[in-house]
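**Q** Below is the structure I would like to discuss, written out as C-alpha cells.
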C-alpha cells in the first residue's frame with residue numbers, strides 16, 4: 001500500500017511548494033489541506049500515515065489538530081511546523097502525543113529525512129498492531145479490541161491476574177467489557193480446562209438466587225423433590241463470575257462472605273457445609289465505596305473482594321480505539337448476518353467518532369449491527385442513522401460543556417442543514433432548480449450539500 005503524507009497549511013503557495021518537493025523526493029502520495037478542518041475531513045475519508053501541519057493556522061491550530069488526530073487514529077504520526085516564537089508550543093505538543101517538530105525556515109533535505117523517519121515509525125507501529133491483533137485473534141484476548149494506552153494496561157493486568165488464583169473485582173460502566181475481561185482472566189489461568197460459570201446476580205429474585213448459588217437438599221422447600229447442586233458446586237475446580245455483585249442483598253452478601261472466608265458453602269435445607277475449590281471474579285458498575293457509606297454493602301465483603309481490582313475504561317476515554325472497534329463491528333455484523341461488509345460515509349464515521357457512547361462498547365456494537373441489518377445499500381449514509389445520531393445535538397437541553405464549542409456548533413449546523421434541505425425537497429418534490437430558487441442557494445452549492453449529507457433528490461421525486 002502506498003504511503004500517504006498529508007500536508008496542512010493555510011498558506012497556499014507554501015502548501016503547493018511542499019507538495020511538489022515531497023512528491024519529487026519520496027515514493028508516496030502527498031495530500032494537502034488548507035485548514036485543520038479540511039485535514040480532518042481528509043483523514044475521515046481515507047487512510048493517512050503522516051501529517052505535516054503548521055502550528056499557526058486560523059480556526060483550529062496545529063495543536064488542536066494533533067489532539068483531534070490522536071482521537072481518530074492514534075497511529076497517525078504528526079509533525080508540526082513552527083516558527084521561532086512557538087517552539088514552546090511545539091515541545092508541549094510532543095508531550096501531548098506529536099512525534100516531532102521542524103522549525104521554519106527549514107532545509108528541504110532535513111524535512112525529507114524527518115518525513116522518512118516518520119513513515120518508518122508509522123510502518124513499525126502498524127506492523128506491531130497487526131501482530132498484536134493476530135496474537136489476540138488466536139488467544140483468549142481475541143474479543144478485546146484496543147491499541148491505546150488504557151487498553152494496553154488492561155491487557156497487561158489481565159495477563160498478570162491470570163498467573164495467580166486471587167479474587168478479582170472488575171469495575172466499570174455498563175457495556176465496557178467486564179465479562180470479556182473475566183473470561184480472558186479465566187482462559188489464561190490454571191483453571192482454563194473447565195468452563196467458567198457466569199451468574200447474573202440482578203436477574204433472579206433473592207430467594208431463587210440463593211438456591212441457584214448454593215443449591216438445596218430434598219425437602220428444603222415446597223417442590224424441592226430432590227437434591228440440586230448450586231452454581232458454586234458446578235464451578236468446582238473452575239471460576240465463577242458474579243456479575244453485578246453490587247446489586248446483591250445484605251442477606252446474600254453475608255452468605256457469600258462465608259465462601260470467601262472459609263471456602264465453603266451450605267446448601268438450603270442442609271445442616272452441613274461443603275468445601276469448594278472455586279476462583280471468584282466479581283464485577284459491578286456500581287460505586288461500591290458509595291454503597292459502603294449508605295450501608296447497603298458490607299464493608300468486610302468489600303475488602304474480601306477487593307484483593308485485586310481491574311477497572312475497564314469507558315469508551316469516551318479510549319477514543320483512539322474507535323476506528324478499530326468500528327471496523328471490527330462492521331466485519332462482525334456482516335459475518336453474523338451473511339451480508340457484504342458495509343462502508344460508512346465519512347460524515348457517518350465522523351459522527352460515530354464524536355459520539356459520547358453512554359452505553360460504551362455494547363451500544364456501539366448494537367448500533368453498527370442495526371445499521372448493517374437495516375441498510376440495503378453498500379454504504380451507510382447520514383440519512384440512515386437512528387435517533388440522536390441523526391440529530392446529534394439538541395440545544396433545548398443542557399449544553400455539554402465537556403465538548404468543544406466548535407464541535408457542538410458544527411453538529412447544530414449539520415442538524416439544521418439536513419432538516420432544512422429535506423423539508424425543501426419535500427416541498428419541491430425533488431425539483432433541484434426550484435429548490436435553489438426558493439432557498440437562494442446556487443444549484444451547484446446545493447448539490448454539494450446533498451453530497452455532504454448523503455441526501456438524494458430522487459427520493460422525493462416519487463412522492464405524490
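**Q** Hey, any hits in the stretch 306-321 for a residue that's surrounded by 15 or more Cβ atoms within 10 Å (Cβ to Cβ), without any contact (Cβ under 8 Å) to a residue 40 or more places away in the chain and out of contact with any strand residue (DSSP E or B) (no Cβ under 9 Å at 6 or more places or on another chain)?
**A** For the stretch 306-321, residues surrounded by 15 or more Cβ atoms within 10 Å (Cβ to Cβ), without any contact (Cβ under 8 Å) to a residue 40 or more places away in the chain and out of contact with any strand residue (DSSP E or B) (no Cβ under 9 Å at 6 or more places or on another chain): absent.
**Q** Report, by residue number, each residue of the stretch 338-357 that is in contact (Cβ under 8 Å) with a residue 40 or more places away in the chain and surrounded by fewer than 17 Cβ atoms within 10 Å (Cβ to Cβ).
**A** Of everything in the stretch 338-357, just one residue is in contact (Cβ under 8 Å) with a residue 40 or more places away in the chain and surrounded by fewer than 17 Cβ atoms within 10 Å (Cβ to Cβ), namely 356.
**Q** Can you say whether residue 31 is part of a strand (DSSP E or B) and either assigned by TED's automatic domain parsing to the domain that holds residue 112 or out of contact with any strand residue (DSSP E or B) (no Cβ under 9 Å at 6 or more places or on another chain) (or both), as far as the supplied structure shows?
**A** yes
**Q** Here's something else I'd like to know. I'd like to verify a number: residues in the stretch 418-431 that are outside any loop (DSSP other than H, G, I, E, B) and within 39 Å of the chain's Cα centre (by Cα), how many?
**A** 9
**Q** Which residues, counting only those in the stretch 318-343, are touching a helix residue (DSSP H, G or I) at 6+ places or on another chain (Cβ under 7 Å) and not in a helix (DSSP H, G or I)?
**A** Of everything in the stretch 318-343, those that are touching a helix residue (DSSP H, G or I) at 6+ places or on another chain (Cβ under 7 Å) and not in a helix (DSSP H, G or I) turn out to be 318, 339, 340, 341, 342.
**Q** Among the residues of the stretch 153-181, which ones are part of a helix (DSSP H, G or I), touching a strand residue (DSSP E or B) at 6+ places or on another chain (Cβ under 6 Å) and over 20 Å from residue 364 (Cβ atoms)?
**A** 157, 161
**Q** Then there's this: Of the conditions (1) closer than 21 Å to residue 346 by Cα; (2) surrounded by 15 or more Cβ atoms within 10 Å (Cβ to Cβ), residue 439 satisfies every one except a single condition; which number is it?
**A** Result: residue 439 passes all but (1).
**Q** Which count do you get for residues in the stretch 432-462 that are within 25 Å of residue 41 (Cβ to Cβ) and part of a loop (DSSP other than H, G, I, E, B)?
**A** 7
**Q** Could you identify the single residue in 364, 371, 344 that is modelled with pLDDT under 90 and under 21 Å from the mean Cα position of the chain (by Cα)?
**A** Selected residue: 344, the only one of 364, 371, 344 that is modelled with pLDDT under 90 and under 21 Å from the mean Cα position of the chain (by Cα).
**Q** So is residue 380 in contact with a strand residue (DSSP E or B) (Cβ under 9 Å, 6 or more places away or on another chain) and either more than 28 Å from residue 67 (Cα to Cα) or buried (at least 20 other Cβ atoms within 10 Å of the Cβ) (or both) or not?
**A** Spelling it out, residue 380 is indeed in contact with a strand residue (DSSP E or B) (Cβ under 9 Å, 6 or more places away or on another chain) and either more than 28 Å from residue 67 (Cα to Cα) or buried (at least 20 other Cβ atoms within 10 Å of the Cβ) (or both).
**Q** Out of (1) part of a helix (DSSP H, G or I); (2) modelled with pLDDT of 90 or more; (3) within 20 Å of the chain's Cα centre (by Cα), the odd one out for residue 186 is which?
**A** Condition not satisfied by residue 186: (3).
**Q** Oh, and also: Are any residues in the stretch 359-376 surrounded by fewer than 19 Cβ atoms within 10 Å (Cβ to Cβ) and touching a residue at least 12 places away in the same chain (Cβ under 8 Å), and if so, which ones?
**A** 359, 362, 363, 365, 369, 370, 373, 375, listed by residue number.
**Q** While we're on this one: For residue 48, are the conditions met, namely being at pLDDT 90 or above, part of a loop (DSSP other than H, G, I, E, B) and within 23 Å of the chain's Cα centre (by Cα)?
**A** Yes: the conditions hold for residue 48.
The values are calculated or read from the model by the stated rules, or taken from the named source; none is laboratory data. Since we're looking at a predicted model, the values are computed, not measured. Neighbour counts are summed over all protein chains in view; Cβ atoms, including those assigned to glycine, are modelled from backbone coordinates with ideal geometry.
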